[in-house]
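Report on the following structure.
Every number here is computed from the coordinates shown, using simple stated rules; none is lab data. All values reported here derive from a predicted model rather than from experimental measurement. Don't worry about glycine lacking a Cβ; one is built from the backbone with ideal geometry, like all the others, and counts go over all protein chains shown.
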Amino acid sequence: MNTAATLASPALAQQVRTEHPIWRTSVLFTVIMTVVFGVAYPLALTLVAKTLFPHKAAGSLIERNGQVIGSELLAQAFTSDRYFHPRPSAAGSGYDATASGGSNLAQSNTKLVQRMQGDIDKLAAENPGHPVPIDAVTTSGSGLDPDITPDNALFQSRRVAKARGMSDEQLSQLIRQHTQTRTFGLLGEPRINVLELNLALDQAAK
C-alpha cells in the first residue's frame, strides 16, 4: 500500500467536499441575483412608474384626436416659416431617434465652424439687427433636444408672425404661456417645447 497516497486521501476528500459547496453557492447566488435584479427589480420599477407617472412611463407621448403625433422628449423637423424650428440635429438625417448622439466635432473643426457660420448668416438675414441665439445654431448632446430657449423662440417669432399674419403680441403671449421654468426652481434653464408651441399655434389659428 502506498502510504503517501493513503495519507493524502483524507485531505483530498476534504478539499472536494469544501469546493463543492462553494460551486453550488456561486451558481445559486448568480440565479438569485439574476431573478431579483434582472426581473423583479425592473418589473417593480415599471409598475411604480406606470402607477405614479403614467404619462412619462408611456414615453411622454402627445396625442391629438386619439392619434399619437410625437413625444415631448424628441424634436421634430419643422422647416416651414409658419412654425418654430427646433435646434439643429446631430442625429444624421432629420431627427432620427435611433441615431441619437452629438456630432463629436471640436470647436476648431472646420466642418463645424462652416456649418455654424452658415446658419448664423442665414438667421441673421432673416432677422436683421438681432443677435442669433446660441441654441439656434448648436446641437444638443443627444442631437434630439425637443426644447429651445425663450430667446430662440422670440428670435423666430417675427418670421412666424409674418407667415401667419399674427401680431407680435399674440406670439409673445403664446411663448410666455409655454415657457417652462427651471426644475425645482434651480435645475436647468427656462425652456419651451417646440412641438407643444407649434400645436398651440395651429390651435390659435382656428
Which value in Å does the Kirkwood hydrodynamic radius of segment 71-168 take, with 1/r averaged over all unlike C-alpha pairs and then inverted?
-> 14.2 Å
FRET efficiency, GLN203 to ASP119 (Cβ-Cβ, R0 35 Å, nearest 0.05) = 0.75
State the dimensionless ratio Rg/Rh of the chain (Rg: radius of gyration of Cα atoms; Rh: Kirkwood radius).
-> 1.34
Using 0.36 nm per residue, how much length does the chain from MET33 to SER60 gain when fully extended, once their Cα-Cα distance is taken away?
-> 6.6 nm
Cβ charges +1 (Lys, Arg) and -1 (Asp, Glu), total dipole of the chain, debye = 300 debye
So ASP96 and THR79, fully extended at 0.36 nm per residue minus their Cα-Cα distance, gain in nm 4.6 nm
Mind pulling the angle between the C-alpha long axis of helix 168-177 and the longest principal axis of the chain? Nearest 10 degrees, somewhere in 0 to 90.
-> 20 degrees
Compute the long axis of helix 3-35 from its Cα atoms, compare it with the longest principal axis of the Cα atoms of the chain, and write down the angle in degrees, 0 to 90, nearest 10.
-> 20 degrees
So, in Å, what gap is there between the alpha-carbon centers of segment 166-187 and segment 72-126?
-> 22 Å
